[in-house]
Amino acid sequence: VFAVIFAVVIWKVLSNQQQTFSRRFISKCLEYKKDNNESYCQQIFHVFEKAYIGKPMCNVTMEDYDDLMAMVPFDHPCHQTMLWSKTNELVHKYTAKDEDKKDCFTLEDTLLGYILNDERWCGKKGSNETFDNGCDDCANSAVRSFWDSASAEFAEYACGNVTVMLSGSEEKPFNPFSTFARVEIKRLKHPFVKKLNVILVTGNKNVSNCAADNLNIDLQKALDSNILYSCNEVPESRIRECSSSSSDNTDVGCVA
Ligand code: N1C
């Protein structure tokens, strides 16, 4: 009897977990845009799942998400692209303006980025389910490969003047292990992209500035040499001021 009860409880927990992740996926997809309908969102989920379902947890590649990326193309203005590294909370505060005031777009402002931000998920060998806990954090995890794949597409889509918000509280604002350094910067291509503008956020704990070798040497070496470069130090308090929805001040925006 105990074995049966135990099995039923486990089955319930697992099926509930599955529902929770896919339901959350679908409901975020529906709330992203009024004209996204349930069947479109379900189709996206189905193609998404195919990337990792039934695979060993640490064996998912960027290419496994190719079908998903092809199915959900970007439609934001490519000349208003905002990249970031180690400024997650601040950059999203800044870009979270009303639709008509939006002057720049991060990956989290696009459909897939919006749905999957702050989510964790994985599959398991021999199972056709999606798990949202007990997922290992490894180089080829379903989550990391998704962000690498989406970030690659996002950077390739960028055009005109691109902005990246980096942190002056980091010794290396251009961290070689970051997604920005590993995946995005090398996919910015002249002549589509004319210029990269670094916004270096300064605050109480400043360990680097625009004169840092990490920016003037390391970052610029990684950047296509035909793309112009500039760097502005902007206090965090200034960015927070610009973030309030009443403000229409765009001087730290994507058009700097
Ligand atoms: O590794 P990072 O920053 O340099 O990645 C940020 C960079 C941005 O420009 C985005 O376009 O790469 C893209 N990106 C996301 O949009 C994103 N949302 C959530 C990369 N990673 C993203 N995440 C999660 O944050 C993901 O789990 C990844 O590992 C972290 C990276 O944050 P970071 O080191 O500050």
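The values are calculated or read from the model by the stated rules, or taken from the named source; none is laboratory data. Owing to the predicted nature of the structure, the values given are computational and were not obtained by experimental measurement. For neighbour counting, all protein chains shown are included, and Cβ atoms are generated from backbone atoms with ideal geometry for every residue, glycine included.
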>> Looking at the stretch 108-134 only, could you name the residues that are of a type in the set (S, T, N, Q), more than 10 Å from the ligand (Cβ to nearest atom) and surrounded by 15 or more Cβ atoms within 10 Å (Cβ to Cβ)?
In response: Thr130
> Could you say which residue among Met71, Met62 is modelled with pLDDT of 95 or more and either surrounded by fewer than 17 Cβ atoms within 10 Å (Cβ to Cβ) or farther than 27 Å from Val162 by Cβ (or both)?
Replying inline: Met71
> Do you know which of the residues in the stretch 136-173 that are within 21 Å of Asn59 (Cβ to Cβ) and among the polar types (S, T, N, Q) is nearest to the chain's Cα centre (by Cα)?
Replying inline: Ser151
> Is it the case that Asn36 is outside any helix (DSSP H, G or I) and within 25 Å of Arg144 (Cα to Cα)?
Replying inline: no
>> Quick check on the stretch 66-73. Is at least one of its residues in contact (Cβ under 8 Å) with a residue 40 or more places away in the chain and part of a loop (DSSP other than H, G, I, E, B)?
In response: yes
> Using beta carbons and a limit of 9 Å, which pairs, at least six apart or on different chains, have the first residue in the stretch 179-191 and under 15 Å from Leu215 (Cβ atoms) and the second one more than 11 Å from the ligand (Cβ to nearest atom) and hydrophobic (A, V, I, L, M, F, W, C)?
Replying inline: Ala181/Leu219; Ala181/Ala222; Ile185/Leu196; Ile185/Leu219; Ile185/Ala222; Ile185/Leu223
> What number of residues within the stretch 90-107 satisfy the criterion of being in a helix (DSSP H, G or I) and either more than 10 Å from the ligand (Cβ to nearest atom) or buried (at least 19 other Cβ atoms within 10 Å of the Cβ) (or both)?
Replying inline: 9
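Here is a yes/no grid of residues against (1) crowded, with 20+ Cβ neighbours inside 10 Å; (2) within 8 Å of the ligand (Cβ to nearest atom):
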{"residue": "Gly160", "(1), (2)": "no, no"}
{"residue": "Val164", "(1), (2)": "yes, yes"}
{"residue": "Phe174", "(1), (2)": "yes, no"}
{"residue": "Thr179", "(1), (2)": "yes, yes"}
{"residue": "Glu184", "(1), (2)": "yes, yes"}
{"residue": "Leu188", "(1), (2)": "yes, no"}
>> Considering only the stretch 135-149, I want to know if a residue exists there that is at negative phi, buried (at least 17 other Cβ atoms within 10 Å of the Cβ), assigned to a loop (DSSP other than H, G, I, E, B) and not polar (S, T, N, Q).
In response: yes
